[in-house]
Amino acid sequence: MRGVVFDGKQARVVDDLEVRDPGPGEVLVAIAAAGLCHSDLSVIDGTIPFPPPVVLGHEGAGVVEAIGSGVTHVAPGDHVSLSTLANCGACADCDRGRPTMCRKAIGMPGQPFSRGGGPIFQFASNSAFAERTVVKAVQAVKIPRDIPLTSAALIGCGVLTGVGAVLNRAKVDRGETVVVIGTGGIGLNVLQGARIAGATTIVAVDANPAKEAVARRFGATHFIDASAAADASAAVREILPTGADHAFECVGNVKLIRQAVDLLDRHGQAVLLGVPGFTEEASFQVSSMYLDKTIMGCRYGSSRPQRDIALYAELYRQGKLLLDELVTEVYPVEDFAKAVDDAHHGRVARGVLTF
């Protein structure tokens with residue numbers, strides 16, 4: 001079968017992958033569509049260290065082909081959106097409703113794939129850039145059949161991360177103010193999460209002026225072109241003189257992390273969603289934090305996927321959550337290199353690979 005394999009030097013499409021059958025508590029899914037996320041690119045450029053060879057992809061949707069013993073919530077033929085959380089469901093964190101913190105879901109990649117007789121790792125417990133993948137049952141969330149799978153694929157990472165950061169982690173409330181730094185796939189979902197939450201002033205900041213229209217479509221009430229503004233922070237302060245209740249950094253740049261912290265009002269929260277290099281450090285003025293300000297990390301939108309994916313699917317059906325609009329371009333998997341180039345140059349909000 002086809003898939004995208006990174007061998008430690010380059011990522012390329014192969015056609016001789018194999019995947020094992022599902023075991024107890026597992027599901028075999030035929031992938032229909034998978035979003036190309038910057039986390040996949042970060043494996044290729046080394047920002048996210050991961051052992052090769054590995055089948056990339058972690059934002060997918062498809063149709064259940066087979067189930068292992070003990071799986072009851074999905075059946076062959078069901079449409080599913082996949083999460084990356086292979087959480088155990090039994091530890092203290094899972095029991096408290098914090099599956100993103102499950103230690104059995106982090107740092108222990110499996111090898112359900114093989115090629116030429118050698119094992120291949122699975123990225124993010126998912127590997128959606130393959131015609132078929134095996135995931136834990138908890139990762140497969142049944143969705144209505146009327147949601148296009150090219151759109152449903154994006155729920156499993158970009159939407160869970162961005163919208164979840166707003167609703168689950170920051171808990172943005174009605175009437176509050178929000179600054180979103182970076183309006184790529186994650187930033188756009190933060191914008192629509194803030195809109196759904198009822199924020200009244202939502203300021204998007206991006207160095208690409210071409211992104212203004214889509215940022216406003218997703219919820220921005222103001223847009224600042226950081227490439228044209230002499231001082232982007234000063235431009236934000238013209239809109240929010242006392243600062244923002246919430247600032248989300250969605251780029252992964254330590255200077256922008258500092259900017260997010262500096263833009264906070266009293267009792268404000270800076271939420272870090274972008275991923276800098278693992279050895280990079282950010283700084284902030286300590287004295288400013290005594291005004292009840294908070295710097296918050298956020299893993300995967302602090303999501304509970306079985307609950308949240310179903311919620312976001314329903315919000316989409318009600319016209320409140322935008323999914324189709326996130327899909328800028330659809331590529332056959334054979335055009336992976338073009339999809340990567342478009343993503344690198346900011347030509348797409350989200351590119352989606354299809355099988």
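The values are calculated or read from the model by the stated rules, or taken from the named source; none is laboratory data. Nothing here was measured: the structure is a model prediction, and the numbers come from that model. Heads up, the Cβs are rebuilt from the backbone with ideal geometry, glycines too, and the neighbour counts pull from every protein chain shown. Ligands, DNA and RNA are stripped out before the accessible areas are found, and what is left, the full protein with its side chains, is counted by its heavy atoms. Shrake-Rupley method; radii C 1.70, N 1.55, O 1.52, S 1.80 Å.
On average, how much accessible surface per residue is there in the chain, in Å², for a 1.4 Å probe, leaving out ligands, DNA and RNA? If you can, show how the numbers build up before the last one.
Values: 14870 Å² over 355 residues.
For the chain, the solvent-accessible area averages 42 Å² per residue.
Figure the gain on full extension for THR242 and TYR290 (residue separation times 0.36 nm, minus the Cα-Cα span) and round it to one decimal in nm. Mind showing how you got there, number by number?
Details: separation 48, 0.36 × 48 = 17.28 nm, distance 1.57 nm.
Full extension from THR242 to TYR290 adds 15.7 nm.
Rounded, prolate or oblate: which fits the stretch 147-291, taking a ≥ b ≥ c as square roots of the Cα gyration tensor eigenvalues, rounded meaning a/c under 1.5, else prolate when a/b beats b/c? Don't jump to the answer; show the numbers that get you there.
Working: a/c = 1.40, a/b = 1.35, b/c = 1.04.
Taking the square roots of the gyration eigenvalues as a ≥ b ≥ c, the stretch 147-291 is rounded.
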Original post:
To the nearest 10 square angstrom, how much accessible area does CYS250 have with a 1.4 angstrom probe?
Top reply: 30
**OP:** Can you pull the one-decimal nm distance between simple spin-label points at HIS73 and ARG266, each 7 Å off the Cα toward Cβ?
**Re:** 4.4
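Counting residues in the stretch 59-182 as N, plug N into 2.2 N^0.38 Å and put the Cα Rg over that result. Display every interim value, and only then the final one.
Working: Rg = 16.3 Å, N = 124, 2.2 N^0.38 = 13.7 Å.
Compactness ratio reported: 1.19.
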**OP:** Based solely on C-alpha atoms, express the radius of gyration and the Dmax of the stretch 253-355 in angstrom.
**Re:** 18.4, 53
Original post:
Just GLU249, GLU329, GLU131 to compare: in a GNM of the chain, with alpha carbon springs under 10 Å, which one fluctuates most?
Top reply: GLU329
Subject >> Residue of SER39, SER283, SER81 that the Gaussian network model of the chain assigns the largest fluctuation, springs spanning Cα pairs under 10 Å >> reply: SER283
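Name the trypsin sites (Lys or Arg not before Pro) in the stretch 280-323 that are in a loop by DSSP and that have at most 13 other C-beta atoms within 10 Å, would you? List each step's numbers first, then the result.
Working: sites: LYS293, ARG299, ARG307, ARG317, LYS320; in loops: LYS293, ARG299, LYS320.
Qualifying residues, ordered by number: LYS320.
What is the stretch 121-207 by shape, rounded, prolate or oblate, if you read a ≥ b ≥ c off the alpha carbon gyration tensor as root eigenvalues and call it rounded for a/c under 1.5, prolate for a/b larger than b/c, and oblate otherwise? Don't skip to the end; give the middle numbers.
Details: a/c = 2.40, a/b = 2.02, b/c = 1.19.
Cα axes put the stretch 121-207 in the prolate bin.
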Subject >> Between the stretch 71-118 and the stretch 273-324, the Cα center-to-center distance that results, in Å >> reply: 21
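How large is the Kirkwood hydrodynamic radius of the stretch 20-79, counting all unique pairs of alpha carbons, in Å? Before the final figure, lay out the partial values.
Values: mean 1/r = 0.0757 Å⁻¹.
Mean inverse Cα-Cα distance, inverted, gives 13.2 Å.
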**OP:** Tally up the carbon and sulfur contribution to the accessible surface of the chain as a whole percent, 1.4 Å probe, everything protein left in place.
**Re:** 50
Original post:
Size of the stretch 1-138 along its principal axes in angstrom, Cα-based, largest extent first?
Top reply: 40, 31, 26
Original post:
Expressed as an acute angle from 0 to 90° and rounded to the nearest 10, what is the orientation of the C-alpha long axis of helix 305-317 relative to the principal long axis of the chain?
Top reply: 70
Subject >> Nitroxide proxy distance, nm - points 7 Å out along Cα→Cβ at ARG115 and GLU280 >> reply: 2.9
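At a Förster radius of 41 Å, what calculated FRET efficiency corresponds to the Cβ-Cβ distance of ARG145 and ASN253, to the nearest 0.05? Before the final figure, lay out the partial values.
Numbers: r = 40 Å, r/R0 = 0.99.
The pair ARG145/ASN253 has a calculated efficiency of 0.50.
For LYS320 and LYS171, what does the FRET efficiency come to when R0 = 25 Å and r is the distance between their Cβ atoms, rounded to the nearest 0.05?
Values: r = 18 Å, r/R0 = 0.73.
With R0 = 25 Å, the Cβ-Cβ based efficiency is 0.85.
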**OP:** Could you list which residues have their amide H under 5 Å from that of VAL275, counting only those 5 or more apart in sequence or on another chain, with H placed in the peptide plane?
**Re:** GLY252
Original post:
Which log10 I(q)/I(0) values, to two decimals, does the chain give at q = 0.07, 0.08 Å⁻¹ under the Debye formula with one point per Cα?
Top reply: -0.28, -0.37
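Tell me the net charge near LEU291. Cut-off is 14 Å between Cβ atoms, LEU291 excluded, with +1 for each Lys or Arg and -1 for each Asp or Glu.
On the way: positive: ARG266, LYS293; negative: ASP245, ASP262, ASP265, ASP292.
With Lys, Arg at +1 and Asp, Glu at -1, the net is -2.
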